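The values are calculated or read from the model by the stated rules, or taken from the named source; none is laboratory data. Remember, predicted model here, so these are calculated numbers, not experimental data. FYI the Cβ positions are ideal-geometry reconstructions off the backbone, even for glycines, and counts take in every protein chain you see. Accessible surface areas use protein heavy atoms only, side chains included; no ligands, DNA or RNA. Shrake-Rupley method; radii C 1.70, N 1.55, O 1.52, S 1.80 Å.
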Amino acid sequence: MEIEEFINCYQKGLNQLDGMTVADSRLGYERLCESFQVRSSAIACDVTEITGVPVTRLWARDGVGRGDGVVVYAHGGGWSLGSSRSHRGVAEALVLALGREVVSVDYRLLPEANYREALADVLGVWRTCDPVAAVGDSAGGRLVMDAAATLTREGVGVPPLGLIYPVVGTPHMTTLGPDAPLLTRDDVMALWRSVAADIPCHDVSLPPSRYVHVLAAEHDPLTAMTADAVERWSGASVHVSLDIAEGMVHSALHGLPRLRPMQAAWRTFCSRLNASIEAAASHDGSE
């Protein structure tokens, strides 16, 4: 599949959500994302709850890596869409790439909940699981960053983070990059206004972990702010990386099974994250 075909198919699916009720739009979004997924028979899953928060636990059926710690994953969807079903493909890809169990969090969504409640769900699962890494994409990336900042203020150690086209800092029309297919600056600002009042205050110039690995898309208005943040973090004596998927757009991770440039960037991103998980474990073991 070429990126133009993905964009056309994905945009068509998004257009069909217009005018739907909240419940129907969420179901439609799940069907859209699932249409790109290629489920792996090598992955087992369990839909359950952790501290009252719905989660889906995924692991390799052969059991390899299940005892090596879990990875907490927060899906994207603009804080109002998305679920462990819509992002099942991403969670499975993490299991296969990292060789560890993944806990995909179904945090509460807007408008029924607010950002503070979504963050509380992610934090509740995180604290219980004590993960070896946390990964979030888009809106979920921001939740992971804010959860990490909250834990840091509490004096709790933060594991390596994997951030996929995250919302970093405070978006503004002058700091965002140019409009792109599937996501424009107006889209970003509208989504930001829906949560801005509930975003916790912390110093975004500080890296959210000693190990931060970011995967961005070349054509995405969020990438400019992400690149600026990574540059700042790089001067803070931490392990930080930024991989930009050439020619890709926001949401292209859903097309991972069919988009070769996304696959290449994904392999590098996961390799860096896996190396940091091992490094963090060695560092903790030596203390």
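Here is a list: A134, A120. Which entry is in contact (Cβ under 8 Å) with a residue 24 or more places away in the chain and either more than 21 Å from G89 (Cα to Cα) or touching a Leu at 6+ places or on another chain (Cβ under 8 Å) (or both)?
A134
What are the pairs, 6+ residues apart or on separate chains, where a residue within the range 1-13 that is closer than 19 Å to E30 by Cα has its Cβ under 8 Å from a residue that is assigned to a helix (DSSP H, G or I) and open to solvent by 70 Å² or more (accessible area, probe 1.4 Å)?
If the second residue must be assigned to a helix (DSSP H, G or I) and open to solvent by 70 Å² or more (accessible area, probe 1.4 Å), the pairs left are G13/R31.
Within the range 19-71, how many residues are of a type in the set (D, E) and in contact (Cβ under 8 Å) with a residue 40 or more places away in the chain? Break it down into steps so the answer makes sense when it comes.
So the first thing to find is which residues in the range 19-71 are of a type in the set (D, E), and the list is 24, 30, 34, 46, 49, 62, 68.
Subsequent filtering for residues that are in contact (Cβ under 8 Å) with a residue 40 or more places away in the chain retains 30, 34, 68.
Counting residues in the range 19-71 that are of a type in the set (D, E) and in contact (Cβ under 8 Å) with a residue 40 or more places away in the chain gives 3.
Hey, can you tell me all the residues within the range 257-287 that are of a type in the set (A, V, I, L, M, F, W, C), open to solvent by less than 20 Å² (accessible area, probe 1.4 Å) and modelled with pLDDT of 95 or more?
Passing the criteria: L259, M262, A265, W266, F269, C270, L273, I277.
If we scan the range 246-254, do we find a residue that is more than 16 Å from E5 (Cα to Cα) and within 16 Å of the chain's Cα centre (by Cα)?
no
Of everything in the range 20-41, what is open to solvent by 50 Å² or more (accessible area, probe 1.4 Å) and at pLDDT below 95? Give them in sequence order.
Within the range 20-41, V38, R39, S41 meet the criteria.
I'm told I199 meets every condition in (1) without any contact (Cβ under 8 Å) to a residue 24 or more places away in the chain; (2) more than 14 Å from D220 (Cα to Cα) except one. Can you identify the failing condition by its number?
Here I199 clears every test but (1).
Counting only residues that are polar (S, T, N, Q), over 17 Å from V238 (Cβ atoms) and either open to solvent by 60 Å² or more (accessible area, probe 1.4 Å) or in a helix (DSSP H, G or I) (or both), how many does the range 129-155 have?
Qualifying residue count for the region: 1.
Being in contact with a strand residue (DSSP E or B) (Cβ under 6 Å, 6 or more places away or on another chain), closer than 24 Å to L182 by Cβ and surrounded by fewer than 22 Cβ atoms within 10 Å (Cβ to Cβ) is the filter here, so list the residues in the range 93-128 that pass it.
D106 - this is the single residue of the range 93-128 that is in contact with a strand residue (DSSP E or B) (Cβ under 6 Å, 6 or more places away or on another chain), closer than 24 Å to L182 by Cβ and surrounded by fewer than 22 Cβ atoms within 10 Å (Cβ to Cβ).
How about the range 141-158: which of its residues are more than 15 Å from F269 (Cβ to Cβ) and within 15 Å of the chain's Cα centre (by Cα)?
Scanning the range 141-158 gives R142, L143, M145, D146, A147, A148.
Residue check: is V158 without any contact (Cβ under 8 Å) to a residue 60 or more places away in the chain, touching a Ser or Thr at 6+ places or on another chain (Cβ under 8 Å) and within 25 Å of E278 (Cα to Cα)?
Details: without any contact (Cβ under 8 Å) to a residue 60 or more places away in the chain: yes; touching a Ser or Thr at 6+ places or on another chain (Cβ under 8 Å): yes; within 25 Å of E278 (Cα to Cα): yes.
Yes.
Residues of the range 46-70 being out of contact with any Gly (no Cβ under 8 Å at 6 or more places or on another chain) and at pLDDT 95 or above, which ones?
D46, V47, T48, E49, P54, V55, T56, R57, L58, V70 - these are the residues of the range 46-70 that are out of contact with any Gly (no Cβ under 8 Å at 6 or more places or on another chain) and at pLDDT 95 or above.
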